[in-house]
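*Asks:* Right, I'll just put the structure down here and ask away after.
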Amino acid sequence: MDDDEFEKVIKAGKIASEARNYAAGLIKPGAKVLDVCEEAERAILSKGAKPAFPCNLSINDEAAHYSPLINDEKIIPEGSVVKLDIGAHIDGYVVDTAVTVSLSNKYDELRLASLDALEAAIANFRAGIRVGELGHVIERTIKSRGFKPIWNLGGHLIRRYVLHAGVFIPNVSQRDPNQIRPDETYAIEPFATTGRGEVKEGKQVTIYSLRTNNVKKIGKEEEELITVIQERFSTLPFNERWLADKLNVTELRGKLSYLAKKGILTAYPVLLEVNGGTVSQHEHTLIDRKGEIVVVTK
Ligand SMILES: [Co+2]
(Lines give C-alpha, C1' and ligand atoms only; values in the text may rest on other atoms or scores of the structure.)
Protein backbone atom coordinates (compact mmCIF):
# COMPACT_ATOMS: atom_id res chain seq x y z
CA MET A 1 0.00 0.00 0.00
CA ASP A 2 1.59 3.29 -1.07
CA ASP A 3 1.04 6.62 0.72
CA ASP A 4 -1.66 7.66 -1.72
CA GLU A 5 -3.70 4.53 -1.10
CA PHE A 6 -3.15 4.80 2.64
CA GLU A 7 -4.46 8.38 2.59
CA LYS A 8 -7.66 7.20 0.88
CA VAL A 9 -8.21 4.57 3.57
CA ILE A 10 -7.59 7.17 6.30
CA LYS A 11 -10.02 9.63 4.72
CA ALA A 12 -12.71 6.96 4.24
CA GLY A 13 -12.14 5.92 7.86
CA LYS A 14 -12.70 9.43 9.18
CA ILE A 15 -15.89 9.82 7.13
CA ALA A 16 -17.28 6.42 8.20
CA SER A 17 -16.53 7.09 11.83
CA GLU A 18 -18.31 10.47 11.77
CA ALA A 19 -21.31 8.98 9.96
CA ARG A 20 -21.45 6.10 12.49
CA ASN A 21 -21.41 8.46 15.47
CA TYR A 22 -24.01 10.74 13.94
CA ALA A 23 -26.40 7.92 12.93
CA ALA A 24 -25.96 6.09 16.26
CA GLY A 25 -27.35 9.24 17.88
CA LEU A 26 -30.55 8.83 15.84
CA ILE A 27 -31.23 5.34 17.22
CA LYS A 28 -34.25 5.90 19.48
CA PRO A 29 -37.36 3.85 20.25
CA GLY A 30 -39.93 4.55 17.53
CA ALA A 31 -37.39 5.80 14.98
CA LYS A 32 -37.61 4.29 11.51
CA VAL A 33 -34.80 1.93 10.53
CA LEU A 34 -35.00 3.40 7.02
CA ASP A 35 -34.49 6.97 8.27
CA VAL A 36 -31.44 6.10 10.39
CA CYS A 37 -29.82 4.23 7.50
CA GLU A 38 -30.57 6.90 4.92
CA GLU A 39 -29.05 9.51 7.22
CA ALA A 40 -25.92 7.39 7.67
CA GLU A 41 -25.52 6.87 3.93
CA ARG A 42 -26.20 10.55 3.19
CA ALA A 43 -23.56 11.56 5.75
CA ILE A 44 -21.00 9.39 3.93
CA LEU A 45 -21.91 10.78 0.50
CA SER A 46 -21.94 14.40 1.71
CA LYS A 47 -18.27 14.12 2.76
CA GLY A 48 -17.08 12.80 -0.59
CA ALA A 49 -16.97 9.05 0.04
CA LYS A 50 -19.43 6.34 -1.02
CA PRO A 51 -21.15 3.74 1.15
CA ALA A 52 -19.15 0.50 0.73
CA PHE A 53 -22.30 -1.52 1.43
CA PRO A 54 -25.88 -0.70 2.43
CA CYS A 55 -26.23 0.48 6.02
CA ASN A 56 -27.06 -2.54 8.23
CA LEU A 57 -29.33 -1.95 11.19
CA SER A 58 -29.91 -5.26 12.93
CA ILE A 59 -32.11 -5.55 16.03
CA ASN A 60 -31.98 -7.97 19.03
CA ASP A 61 -31.47 -11.53 17.71
CA GLU A 62 -30.70 -10.26 14.23
CA ALA A 63 -26.91 -10.33 14.32
CA ALA A 64 -26.27 -8.74 10.93
CA HIS A 65 -27.40 -8.06 7.37
CA TYR A 66 -30.72 -6.34 7.87
CA SER A 67 -30.74 -3.33 5.59
CA PRO A 68 -33.99 -1.41 5.10
CA LEU A 69 -35.95 -1.92 1.87
CA ILE A 70 -37.71 0.68 -0.27
CA ASN A 71 -40.52 2.29 1.81
CA ASP A 72 -39.53 0.11 4.78
CA GLU A 73 -41.84 0.88 7.73
CA LYS A 74 -39.84 -1.09 10.31
CA ILE A 75 -39.51 0.74 13.62
CA ILE A 76 -36.83 0.43 16.31
CA PRO A 77 -38.62 -1.16 19.30
CA GLU A 78 -38.37 0.08 22.87
CA GLY A 79 -35.72 -1.67 24.97
CA SER A 80 -34.01 -3.21 21.95
CA VAL A 81 -30.34 -3.81 21.20
CA VAL A 82 -29.41 -2.20 17.89
CA LYS A 83 -26.31 -2.86 15.79
CA LEU A 84 -25.41 -0.18 13.25
CA ASP A 85 -22.82 -1.48 10.75
CA ILE A 86 -21.67 0.83 7.96
CA GLY A 87 -18.85 1.07 5.44
CA ALA A 88 -17.36 3.77 3.28
CA HIS A 89 -14.94 3.75 0.37
CA ILE A 90 -12.94 6.19 -1.68
CA ASP A 91 -11.91 4.83 -5.05
CA GLY A 92 -12.50 1.27 -3.80
CA TYR A 93 -10.47 1.69 -0.59
CA VAL A 94 -12.96 0.31 1.90
CA VAL A 95 -13.41 0.71 5.65
CA ASP A 96 -15.98 -1.07 7.83
CA THR A 97 -17.21 -0.08 11.30
CA ALA A 98 -20.04 -0.95 13.68
CA VAL A 99 -21.45 0.08 17.03
CA THR A 100 -24.17 -1.24 19.34
CA VAL A 101 -26.77 0.99 20.96
CA SER A 102 -28.63 -0.60 23.87
CA LEU A 103 -32.03 0.98 24.54
CA SER A 104 -32.36 -0.95 27.81
CA ASN A 105 -30.02 -0.95 30.83
CA LYS A 106 -30.61 -4.67 30.94
CA TYR A 107 -28.22 -5.13 28.00
CA ASP A 108 -25.43 -2.74 29.03
CA GLU A 109 -23.17 -5.64 30.02
CA LEU A 110 -23.79 -7.37 26.71
CA ARG A 111 -22.92 -4.18 24.85
CA LEU A 112 -19.72 -3.80 26.87
CA ALA A 113 -18.74 -7.43 26.17
CA SER A 114 -18.28 -6.84 22.43
CA LEU A 115 -16.78 -3.39 23.04
CA ASP A 116 -14.17 -4.73 25.50
CA ALA A 117 -13.42 -7.62 23.16
CA LEU A 118 -12.77 -5.21 20.30
CA GLU A 119 -10.46 -3.10 22.48
CA ALA A 120 -8.59 -6.21 23.66
CA ALA A 121 -8.17 -7.39 20.08
CA ILE A 122 -6.88 -3.96 19.01
CA ALA A 123 -4.37 -4.00 21.90
CA ASN A 124 -3.02 -7.32 20.58
CA PHE A 125 -3.24 -6.53 16.87
CA ARG A 126 0.13 -6.37 15.08
CA ALA A 127 1.81 -7.82 12.02
CA GLY A 128 2.81 -11.41 12.71
CA ILE A 129 0.10 -12.28 15.24
CA ARG A 130 -1.94 -15.33 14.27
CA VAL A 131 -5.60 -14.60 13.60
CA GLY A 132 -6.54 -17.48 15.93
CA GLU A 133 -4.70 -15.70 18.73
CA LEU A 134 -6.89 -12.62 18.20
CA GLY A 135 -9.90 -14.98 18.31
CA HIS A 136 -8.64 -16.31 21.62
CA VAL A 137 -8.43 -12.79 23.09
CA ILE A 138 -11.95 -11.99 21.84
CA GLU A 139 -13.43 -15.22 23.20
CA ARG A 140 -11.79 -14.83 26.61
CA THR A 141 -12.98 -11.24 26.98
CA ILE A 142 -16.59 -11.98 26.02
CA LYS A 143 -16.79 -15.08 28.25
CA SER A 144 -15.33 -13.15 31.21
CA ARG A 145 -18.46 -10.98 31.07
CA GLY A 146 -20.69 -14.04 31.06
CA PHE A 147 -21.66 -14.12 27.35
CA LYS A 148 -20.83 -16.18 24.29
CA PRO A 149 -18.89 -15.05 21.23
CA ILE A 150 -20.51 -15.90 17.90
CA TRP A 151 -18.14 -18.44 16.39
CA ASN A 152 -19.39 -18.27 12.78
CA LEU A 153 -19.06 -14.50 12.38
CA GLY A 154 -15.79 -12.63 12.40
CA GLY A 155 -13.44 -10.04 11.05
CA HIS A 156 -11.89 -10.02 7.62
CA LEU A 157 -9.12 -8.84 5.35
CA ILE A 158 -10.23 -5.98 3.08
CA ARG A 159 -8.80 -5.37 -0.38
CA ARG A 160 -9.63 -2.78 -3.01
CA TYR A 161 -13.35 -3.18 -3.90
CA VAL A 162 -13.40 -6.45 -1.93
CA LEU A 163 -15.01 -6.33 1.51
CA HIS A 164 -14.28 -9.93 2.50
CA ALA A 165 -10.93 -10.74 0.92
CA GLY A 166 -10.24 -14.25 2.18
CA VAL A 167 -8.58 -14.06 5.60
CA PHE A 168 -11.09 -14.58 8.42
CA ILE A 169 -10.46 -13.25 11.95
CA PRO A 170 -12.41 -15.57 14.25
CA ASN A 171 -14.25 -14.53 17.39
CA VAL A 172 -13.13 -17.74 19.10
CA SER A 173 -9.77 -19.41 19.70
CA GLN A 174 -8.65 -21.29 16.60
CA ARG A 175 -5.51 -22.99 15.31
CA ASP A 176 -5.69 -21.03 12.05
CA PRO A 177 -2.03 -20.38 11.06
CA ASN A 178 -2.89 -17.22 9.07
CA GLN A 179 -1.04 -14.17 10.35
CA ILE A 180 -1.82 -10.47 10.24
CA ARG A 181 0.39 -8.87 7.59
CA PRO A 182 1.82 -5.35 7.56
CA ASP A 183 0.17 -2.71 5.38
CA GLU A 184 -3.00 -4.73 4.87
CA THR A 185 -6.45 -3.49 5.92
CA TYR A 186 -8.44 -5.65 8.38
CA ALA A 187 -11.84 -5.32 10.01
CA ILE A 188 -12.19 -6.82 13.49
CA GLU A 189 -15.75 -7.40 14.65
CA PRO A 190 -16.51 -9.27 17.88
CA PHE A 191 -20.13 -10.37 18.35
CA ALA A 192 -21.39 -11.27 21.86
CA THR A 193 -24.70 -12.95 22.64
CA THR A 194 -26.97 -14.19 25.41
CA GLY A 195 -27.76 -17.15 23.12
CA ARG A 196 -25.80 -20.18 21.94
CA GLY A 197 -23.08 -18.27 20.06
CA GLU A 198 -24.02 -19.17 16.52
CA VAL A 199 -25.96 -17.57 13.69
CA LYS A 200 -28.13 -19.13 10.99
CA GLU A 201 -29.49 -17.64 7.80
CA GLY A 202 -33.00 -16.22 8.04
CA LYS A 203 -35.50 -16.20 5.16
CA GLN A 204 -35.30 -12.52 4.38
CA VAL A 205 -32.71 -11.12 1.96
CA THR A 206 -32.08 -7.38 1.79
CA ILE A 207 -28.48 -7.23 0.49
CA TYR A 208 -26.87 -8.53 -2.71
CA SER A 209 -23.57 -8.28 -4.55
CA LEU A 210 -22.45 -9.05 -8.08
CA ARG A 211 -20.81 -12.47 -8.24
CA THR A 212 -20.09 -12.78 -11.96
CA ASN A 213 -20.78 -10.72 -15.04
CA ASN A 214 -20.50 -13.86 -17.14
CA VAL A 215 -24.19 -13.71 -17.97
CA LYS A 216 -25.85 -16.17 -20.33
CA LYS A 217 -29.46 -16.91 -21.15
CA ILE A 218 -30.99 -13.98 -19.33
CA GLY A 219 -33.35 -11.32 -20.65
CA LYS A 220 -32.33 -7.94 -21.99
CA GLU A 221 -33.76 -6.06 -19.00
CA GLU A 222 -31.83 -8.30 -16.59
CA GLU A 223 -28.67 -7.72 -18.60
CA GLU A 224 -29.20 -3.96 -18.39
CA LEU A 225 -29.70 -4.21 -14.65
CA ILE A 226 -26.41 -6.12 -14.31
CA THR A 227 -24.63 -3.36 -16.24
CA VAL A 228 -26.01 -0.72 -13.89
CA ILE A 229 -25.00 -2.80 -10.84
CA GLN A 230 -21.49 -3.21 -12.19
CA GLU A 231 -21.10 0.50 -12.94
CA ARG A 232 -22.50 1.68 -9.61
CA PHE A 233 -21.17 -0.88 -7.12
CA SER A 234 -18.56 -3.01 -8.87
CA THR A 235 -18.31 -6.12 -6.66
CA LEU A 236 -19.37 -4.34 -3.45
CA PRO A 237 -22.72 -5.15 -1.78
CA PHE A 238 -25.83 -3.11 -2.61
CA ASN A 239 -29.53 -3.09 -1.86
CA GLU A 240 -32.73 -2.43 -3.80
CA ARG A 241 -32.96 1.16 -2.52
CA TRP A 242 -29.87 2.04 -4.56
CA LEU A 243 -31.58 0.85 -7.76
CA ALA A 244 -35.00 2.38 -7.11
CA ASP A 245 -34.54 4.84 -9.98
CA LYS A 246 -34.26 1.98 -12.50
CA LEU A 247 -37.38 -0.16 -12.05
CA ASN A 248 -40.54 -0.27 -9.95
CA VAL A 249 -40.25 -2.10 -6.64
CA THR A 250 -42.06 -5.28 -7.67
CA GLU A 251 -40.04 -5.72 -10.85
CA LEU A 252 -36.80 -4.87 -9.11
CA ARG A 253 -37.36 -7.40 -6.30
CA GLY A 254 -38.33 -10.06 -8.80
CA LYS A 255 -35.25 -9.52 -10.93
CA LEU A 256 -32.84 -9.41 -7.99
CA SER A 257 -34.10 -12.67 -6.56
CA TYR A 258 -34.12 -14.26 -10.03
CA LEU A 259 -30.49 -13.20 -10.64
CA ALA A 260 -29.51 -14.57 -7.23
CA LYS A 261 -31.15 -17.94 -8.06
CA LYS A 262 -29.19 -17.95 -11.32
CA GLY A 263 -25.96 -17.50 -9.36
CA ILE A 264 -25.21 -14.14 -10.96
CA LEU A 265 -25.78 -12.26 -7.69
CA THR A 266 -24.79 -13.36 -4.19
CA ALA A 267 -27.68 -12.96 -1.73
CA TYR A 268 -26.92 -12.18 1.93
CA PRO A 269 -29.78 -13.37 4.14
CA VAL A 270 -30.40 -11.72 7.49
CA LEU A 271 -28.33 -13.60 10.10
CA LEU A 272 -30.20 -14.67 13.24
CA GLU A 273 -28.87 -16.04 16.52
CA VAL A 274 -29.87 -19.73 16.55
CA ASN A 275 -31.40 -19.64 20.04
CA GLY A 276 -32.97 -16.22 19.58
CA GLY A 277 -30.31 -14.71 21.84
CA THR A 278 -29.76 -10.97 21.87
CA VAL A 279 -26.59 -9.89 20.04
CA SER A 280 -24.12 -7.01 20.39
CA GLN A 281 -21.32 -6.10 17.98
CA HIS A 282 -18.50 -3.56 17.70
CA GLU A 283 -16.19 -3.16 14.74
CA HIS A 284 -13.17 -1.14 13.65
CA THR A 285 -10.88 -1.19 10.62
CA LEU A 286 -7.12 -1.37 11.34
CA ILE A 287 -3.74 -1.36 9.63
CA ASP A 288 -0.27 -2.13 10.92
CA ARG A 289 1.45 0.66 9.04
CA LYS A 290 5.24 0.43 9.38
CA GLY A 291 4.89 -0.86 12.93
CA GLU A 292 2.28 1.67 13.97
CA ILE A 293 -1.23 0.33 14.66
CA VAL A 294 -3.68 2.70 12.97
CA VAL A 295 -7.36 2.33 13.89
CA VAL A 296 -8.74 4.10 10.85
CA THR A 297 -12.39 4.22 12.01
CA LYS A 298 -11.66 5.38 15.58
CO1 LIG B 1 -17.09 -6.24 8.62
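*Asks:* State the extension gain, in nm to one decimal, for the chain segment bounded by R140 and E38, taking 0.36 nm per residue of separation less the distance between their alpha-carbons.
*Replies:* Working: separation 102, 0.36 × 102 = 36.72 nm, distance 3.60 nm.
Gain on extension, R140 to E38, equals 33.1 nm.
*Asks:* For R232, put the label point 7 Å out on the Cα→Cβ axis and report which residues of region 1-43 keep their amide N under 15 Å from it.
*Replies:* So the set is 38, 41-42.
*Asks:* Over region 71-222, give the accessible area per residue in Å² for a 1.4 Å probe, as an integer.
*Replies:* Numbers: 7010 Å² over 152 residues.
Spelled out: the 1.4 Å probe surface of region 71-222, per residue, equals 46 Å².
*Asks:* Positive end of the dipole of the chain, charges at C-beta (+1 Lys, Arg; -1 Asp, Glu), about the Cα centre: which of T266, G87, I27 has its Cα farthest in that direction?
*Replies:* T266
*Asks:* Can you list residues from other chains, or at least 5 along the same chain, whose modelled amide H is less than 5 Å from the amide H of R196?
*Replies:* V274, N275, G277
*Asks:* Would you calculate the separation in nanometres between label points at Y161 and I293, each defined as 7 Å from the Cα along the Cα-to-beta-carbon direction?
*Replies:* It works out to 3.3 nm between the two label points.
*Asks:* Something else: Whole Å is fine, so just give me how far the alpha carbon centre of region 114-190 lies from that of region 247-278.
*Replies:* First find each Cα centre; the distance between them is then 27 Å.
*Asks:* In debye, nearest 20, what is the charge dipole magnitude of region 204-270 about its Cα centre with +1 on Lys and Arg Cβ and -1 on Asp and Glu Cβ, if you could check? Don't skip to the end; give the middle numbers.
*Replies:* Numbers: 11 positive and 8 negative charges, 54 e Å.
Rounded to the nearest 20 debye, it is 260 debye.
*Asks:* Any idea how many Lys pairs in region 1-145 come in under 27 angstrom at the alpha carbon, given 8 or more places apart or on separate chains?
*Replies:* Going through region 1-145 pair by pair, I get 29.
*Asks:* Still on this structure, please answer the following. With +1 assigned to the C-beta of every Lys and Arg and -1 to the C-beta of every Asp and Glu, and no other charges, what is the dipole magnitude of the chain about the Cα centre in debye, to the nearest 20? Could the numbers behind the result be given before it?
*Replies:* Working: 40 positive and 42 negative charges, 111 e Å.
The calculated dipole for the chain is roughly 540 debye.
*Asks:* While we're on this one: First select every other residue whose beta carbon is under 13 angstrom from the beta carbon of S257; then total the charges, Lys and Arg +1, Asp and Glu -1.
*Replies:* Values: positive: K203, R253, K255, K261, K262; negative: E222, E240, E251.
Local net charge: +2.
*Asks:* Right, next: According to a simple spin-label model (label point 7 Å from Cα along Cα-to-Cβ), what is the distance in nm between K217 and Y22?
*Replies:* Distance between the two pseudo-spin positions: 4.7 nm.
*Asks:* Another question about this same structure. Taking R0 as 22 Å, what's the FRET efficiency between R253 and K200 from their Cβ-Cβ distance, rounded to 0.05? Can you show the working numbers first?
*Replies:* Numbers: r = 23 Å, r/R0 = 1.05.
Using R0 = 22 Å, I get an efficiency of 0.45.
*Asks:* Near N275, within a Cβ-to-Cβ distance under 12 Å, what is the net charge of the other residues, with Lys and Arg +1 and Asp and Glu -1?
*Replies:* Details: positive: K148, R196, K200; negative: D61, E198, E273.
Once positives and negatives cancel, what remains is 0.
*Asks:* Cα gyration tensor of region 204-270, axes a ≥ b ≥ c as square roots of the eigenvalues: rounded (a/c below 1.5), prolate (a/b > b/c) or oblate?
*Replies:* rounded
*Asks:* Do any trypsin sites (Lys or Arg not before Pro) in region 151-242 lie in a DSSP loop with no more than 10 other beta carbon atoms within 10 Å, and if so, which? Each step should come with its number before you reach the end.
*Replies:* Numbers: sites: R159, R160, R175, R196, K200, K203, R211, K216, K217, K220, R232, R241; in loops: R160, R175, R196, R211, K216, K217.
When the trypsin sites (Lys or Arg not before Pro) of region 151-242 are filtered for loop state and at most 10 Cβ neighbours within 10 Å, R175, K216, K217 remain.
*Asks:* For region 138-267, what % of the accessible area comes from carbon and sulfur atoms, probe 1.4 Å? Working shown, then result.
*Replies:* Working: 3160 of 6750 Å².
With neighbouring chains kept in place, the figure for region 138-267 is 47 percent.
*Asks:* Computed FRET efficiency, Cβ-Cβ of E73 and D108, R0 25 Å: what is it to the nearest 0.05? Mind showing how you got there, number by number?
*Replies:* Details: r = 29 Å, r/R0 = 1.16.
Result of the calculation: an efficiency of 0.30.
*Asks:* Scanning the chain for GluC sites (Glu not before Pro) in DSSP loops with at most 13 other Cβ atoms within 10 Å, what's the longest stretch left with none?
*Replies:* Excluding the exposed sites themselves, the longest stretch runs over 79-298.
*Asks:* Sticking with this one: Say each of R181 and S46 gets a label point 7 Å from the Cα, pointing the same way as Cα to Cβ; how far apart are those two points in nm?
*Replies:* Rounded to a tenth, the inter-label distance reads 3.9 nm.
*Asks:* Using +1 at the C-beta of Lys and Arg and -1 at the C-beta of Asp and Glu, which of L210, V101, L163 has the Cα lying farthest in the positive direction of the dipole of the chain?
*Replies:* Checked the options; the winner is L210.
*Asks:* Hey, another quick one. Do the sum for the chain: with -39,500 (n - 2.57) for every DSSP H run of n ≥ 4, divided by all residues, what is the mean residue ellipticity at 222 nm, to the nearest 500 deg cm²/dmol? Don't jump to the answer; show the numbers that get you there.
*Replies:* On the way: 6 runs with 94 residues, N = 298.
The helix contribution divided over the chain gives -10500 deg cm²/dmol.
The values are calculated or read from the model by the stated rules, or taken from the named source; none is laboratory data. Quick caveat: nothing in here was measured; it's all calculated off a predicted structure. We place every Cβ from the backbone using ideal geometry, glycine too, and count neighbours over all the protein chains shown. Surface accessibility is based on the protein's heavy atoms, side chains included, excluding ligands, DNA and RNA. Shrake-Rupley method; radii C 1.70, N 1.55, O 1.52, S 1.80 Å.
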